[in-house]
Amino acid sequence: IAEQLVVNSELRNKMQIVRDIVTLALEARAKASIQVRQPLRSLRIKNNQLQGKDQLVTLIKEEVNVKEVLFDEKLEQEVSLDTSITDELKKEGEVREVMRAIQDMKKEKGLYPEDTINVSINAKRDIADAITLWQDEIKKVTNASGLTIGSGELGGNLPFEITIEKIS
């Protein structure tokens, strides 16, 4: 039992470090006005206590939405977020926004996450191209069996328009 308490105490300590890092990284995102849905390239962490703790590092990556976590004891601050957004990261962020919009529409229509749908998306050309690249992921995440993508005229200043239909 004493051994179990030591393990639990160590895990608690590591989880507190994770929470502190995530909080600091999310504050850095907020200061840079970058939404969490927008993936970023990397997060550098001064504290190396999580080095080699892959599950905890993965948790940080998911919570902060970064592709990689790097350890750098020479940092002046506790965390440093790479806020440069490449074209590829921008497209991925746009696709995440589309997926969120589809999920919101399902909820508004009283559908459940497991309900199968057909989706039609009309988007600006660059967003339509990104959707085409990510269509398998969009279908998986939104439980869509069909996905139609177009790039015609859009009403107002919208980057995309979406319609969904439940499949019986």
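Considering (1) open to solvent by less than 30 Å² (accessible area, probe 1.4 Å); (2) touching a helix residue (DSSP H, G or I) at 6+ places or on another chain (Cβ under 6 Å), the lone condition that I149 does not fulfil carries the number (1). Scanning the stretch 50-66 for residues that are charged (D, E, K, R), surrounded by 14 or more Cβ atoms within 10 Å (Cβ to Cβ) and at pLDDT 95 or above turns up K61, E63. The residue list V79, V119, V64, V141 contains one member that is within 14 Å of Q38 (Cβ to Cβ), among the aliphatic types (A, V, I, L, M) and touching a residue at least 12 places away in the same chain (Cβ under 8 Å), which is V64. For the stretch 91-115, a residue qualifies if it is without any contact (Cβ under 8 Å) to a residue 12 or more places away in the chain and among the charged types (D, E, K, R), and the qualifying residues are D104, K107, E108. Any residue at all in the stretch 42-49 that's surrounded by 11 or more Cβ atoms within 10 Å (Cβ to Cβ), without any contact (Cβ under 8 Å) to a residue 60 or more places away in the chain, within 17 Å of the chain's Cα centre (by Cα) and not in a helix (DSSP H, G or I)? Checked against the condition, which is being surrounded by 11 or more Cβ atoms within 10 Å (Cβ to Cβ), without any contact (Cβ under 8 Å) to a residue 60 or more places away in the chain, within 17 Å of the chain's Cα centre (by Cα) and not in a helix (DSSP H, G or I), the stretch 42-49 yields at least one hit.
Taking the stretch 117-144 as the range and being open to solvent by 50 Å² or more (accessible area, probe 1.4 Å), over 20 Å from G155 (Cα atoms) and either in a helix (DSSP H, G or I) or in contact with a strand residue (DSSP E or B) (Cβ under 6 Å, 6 or more places away or on another chain) (or both) as the test, the residues that pass are N118, T132, L133, Q135, D136, E137, K139, K140, V141.
Exactly one residue among I85, I102 is under 24 Å from V66 (Cα atoms), assigned to a loop (DSSP other than H, G, I, E, B) and either modelled with pLDDT of 95 or more or in contact with a helix residue (DSSP H, G or I) (Cβ under 7 Å, 6 or more places away or on another chain) (or both), and that residue is I85. Every condition in (1) assigned to a helix (DSSP H, G or I); (2) more than 22 Å from the chain's Cα centre (by Cα) is met by G156 except one, and the failing one is (1). Please determine, by comparing only the residues of the stretch 159-168 that are part of a strand (DSSP E or B) and open to solvent by 40 Å² or more (accessible area, probe 1.4 Å), which one is farthest from G110 (Cα to Cα). Within the stretch 159-168, the match that is farthest from G110 (Cα to Cα) is E161.
The values are calculated or read from the model by the stated rules, or taken from the named source; none is laboratory data. Just so you know, these numbers come straight off a predicted model, no measurement behind them. Note that each Cβ is placed from the backbone with ideal geometry, even for glycine, and that neighbours are counted across all protein chains shown. When the accessible area is computed, the model is the full protein with side chains, heavy atoms only, and any ligands, DNA or RNA have been set aside. Shrake-Rupley method; radii C 1.70, N 1.55, O 1.52, S 1.80 Å.
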